[in-house]
1. D366: accessible area at probe 1.4 Å, nearest 10 Å²?
2. What order do F106, F510 take when sorted by accessible area (1.4 Å probe), most exposed first?
3. Can you give the FRET efficiency for I181 and K299, using 1/(1 + (r/R0)^6), R0 = 25 Å, r = Cβ-Cβ distance, to the nearest 0.05?
4. Apply the Debye scattering formula to the stretch 375-488, with a single equal point scatterer on each alpha-carbon and no solvent, then give log10 I(q)/I(0) at q = 0.09, 0.16, 0.21 Å⁻¹.
5. Enter the mean projected area of the convex hull around the alpha-carbon atoms of the stretch 227-417, in nm², rounded to one decimal.
6. Assigning unit charges at the beta carbon (Lys, Arg +1; Asp, Glu -1) and nothing else, what dipole magnitude in debye, to the nearest 20, does the chain show about its Cα centre?
7. Name the residue farthest towards the positive end of the dipole of the stretch 227-417 from the options V267, A368, I328, assuming +1 on Cβ of Lys and Arg, -1 on Cβ of Asp and Glu, about the Cα centre.
8. In the full protein assembly as shown, how much of R304 is accessible to a 1.4 Å probe, in Å² to the nearest 10?
Amino acid sequence: MQHDQAQHRPTDLDEIPKIVESLHAHFNTNKTKPIEWRREQLNKLYSFIIDQESLLAEALYKDLRKDASSIMADIMIVSREAAHTIEHLEEWTAPQASHKTLFTMFDNNQTLTEPLGVVCIIGAWNYPIQLVLGPMVAALAAGNCILLKPSEISTHCEALLAEWVPRIFDTDAVKIVTGGISCSTVLLQQKFDHIFYTGNGNVGRIIMQAAAKNLTPITLELGGKCPTYVDDAVNVDVVAKRLVWAKLLNAGQTCLAPDYVLVHKAVMPQLLAAVKKAISELYGLDTKNTAHYGRIINKNHTQRLAAVLERQLALSHSNVITGGEYDIDSHYVAPLVVAQVRETDPLMEDEIFGPLLPILEVENEDEAIRIINKRDHPLCLYINSDDKAVVRKIVGSTRSGTVSINDYLVNMIVSDLPFGGVGASGMGKYHGKSGILTFSNQRAMVWRKSDMLSEKIHELVYPPFGLKPLPFALVNYFTGYRKPSDFKLAFNRYVPVRFILGVVVVGLVFEIGRRVGRGGPFFA
Ligand code: NAD
């Protein structure tokens with residue numbers, strides 16, 4: 001396979017401060033705030049994905065030899081996200097009125113969803129289009145000016161974005177810079193209103209430190225080891241097929257890829273056979289010559305995978321079910337499935353981020369929970385079980401950004417589910433409305449009138465106040481600072497109670513109306 005380098009010039013480092021400054025100046029013109037501007041940019045983004053799908057697919061193939069499904073996962077997710085956001089733009093960005101108390105009954109108090117200002121989006125190479133344009137959907141929808149920095153490692157996609165972004169978007173509001181670590185370093189010296197970073201945790205720490213200097217809020221979309229538990233109450237063939245699909249999509253270079261598998265001892269032999277069968281069914285026996293099997297991004301990452309693979313296979317207890325071959329020059333690593341892996345083995349050290357699948361045997365779900373909880377909270381936890389009690393026990397005893405039961409990666413395409421990690425797998429969420437909230441300032445607005453009626457209510461809080469029980473009781477009553485009664489809690493909690501009371505009240509009103517209309521006595 002040819003890895004020809006895309007031709008484009010990295011951004012001149014001296015230009016970066018000027019670019020950021022110009023974005024701040026443009027934000028202050030308020031031109032990005034109207035909903036029409038946001039919708040126009042989102043429409044352009046959507047059309048770009050649809051119209052240039054083949055160009056995007058070509059760049060993704062050149063960088064990662066992506067097959068149709070991983071291309072879909074890279075670009076169709078963005079067009080879907082844009083379409084969903086366009087549909088809900090008004091609803092998600094509309095001011096939200098606050099609840100009223102007697103003290104605030106004449107106010108117009110609202111939560112405004114306002115743009116943060118100038119945001120910087122730094123993407124990673126494994127889904128080089130989605131990880132730049134996906135967050136951009138939310139940042140545009142929230143009305144921000146945006147500076148994009150795609151990964152320099154996925155060179156073809158970087159070049160494509162550098163060429164097309166200025167052709168598509170409002171060039172005063174959306175800019176792109178390209179380059180390696182020196183570019184990111186200069187970028188991080190600038191003042192932003194938000195930094196949205198996707199990549200590994202080590203660089204995440206650098207981003208966090210740099211952001212701390214300006215107290216810049218950040219979103220960190222990081223990775224880590226996503227565990228999978230396979231219970232004995234499952235359809236093993238289905239589990240194996242879905243597992244293999246999710247693991248080998250983009251040759252395992254997916255942040256949400258199942259990293260290691262904890263298998264209930266009762267189904268271990270069946271699962272190993274089913275996984276081997278699923279690999280040959282989905283990718284054939286000769287994955288090197290299978291058109292839809294991907295490649296590792298570059299030589300460094302191929303060498304990294306080869307090294308961990310060799311260390312694992314050197315251990316006598318490693319039971320290789322399939323795989324073990326690789327070719328550094330062509331960035332090929334065959335799907336490797338190793339059973340009898342132990343918790344301290346090489347494959348259990350760091351996030352694998354490649355097509356290597358360690359399988360560990362566990363007694364039951366309790367042992368799985370123990371292993372999962374000994375490690376950092378994962379981006380996603382996968383549970384394969386048709387036993388609801390087992391699922392609830394694992395969900396209730398663990399933490400993760402996402403939990404997915406009996407399937408993989410699907411949470412990526414459910415736009416209304418917030419996406420992001422917890423603890424070491426990241427901070428902050430996006431997708432759907434949660435993305436807009438990430439890129440917005442939830443600005444609280446209290447708007448009182450200055451007429452005498454409002455002033456009468458306000459007088460409740462003016463001194464002299466005294467320690468008399470009556471004014472306190474009144475202020476408490478009028479401002480709503482009272483603990484709700486059990487009845488009120490039940491009323492709020494149980495929809496049927498509200499419904500029944502609603503029906504009774506409406507019935508009474510009708511009855512009163514009817515009797516008044518008839519001129520007769522009530523309830524006669
Ligand atoms: P990468 O090497 O492309 O780096 C990501 C970005 O960080 C690039 O734009 C790069 O220029 C910048 N960068 C690199 N070194 C830097 C430095 N010293 N200072 C400032 N910026 C620097 O990507 P990667 O880190 O190899 O990405 C893979 C990791 O990302 C995996 O851990 C994966 O799980 C994670 N990931 C997470 C998500 C998610 O949504 N949570 C998605 C994709 C990947």
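The values are calculated or read from the model by the stated rules, or taken from the named source; none is laboratory data. Bear in mind that the values here come from a model prediction, so they are computed numbers and not experimental data. Methodologically, a virtual Cβ is constructed for each residue, glycine included, from the backbone with ideal geometry; neighbour enumeration extends over all protein chains shown. These accessible areas exclude ligands, DNA and RNA; they are computed on the full protein's heavy atoms, side chains included. Shrake-Rupley method; radii C 1.70, N 1.55, O 1.52, S 1.80 Å.
1. Rounded to the nearest 10, the figure is 80 Å².
2. Sorted by accessible area, descending: F510, F106.
3. The computed FRET efficiency comes out at 0.90.
4. One equal scatterer on each Cα of the stretch 375-488 leads to -0.56, -0.85, -1.16.
5. 10.3
6. Its charge dipole is roughly 2120 debye.
7. Of the candidates, I328 comes out farthest on the positive side.
8. 80
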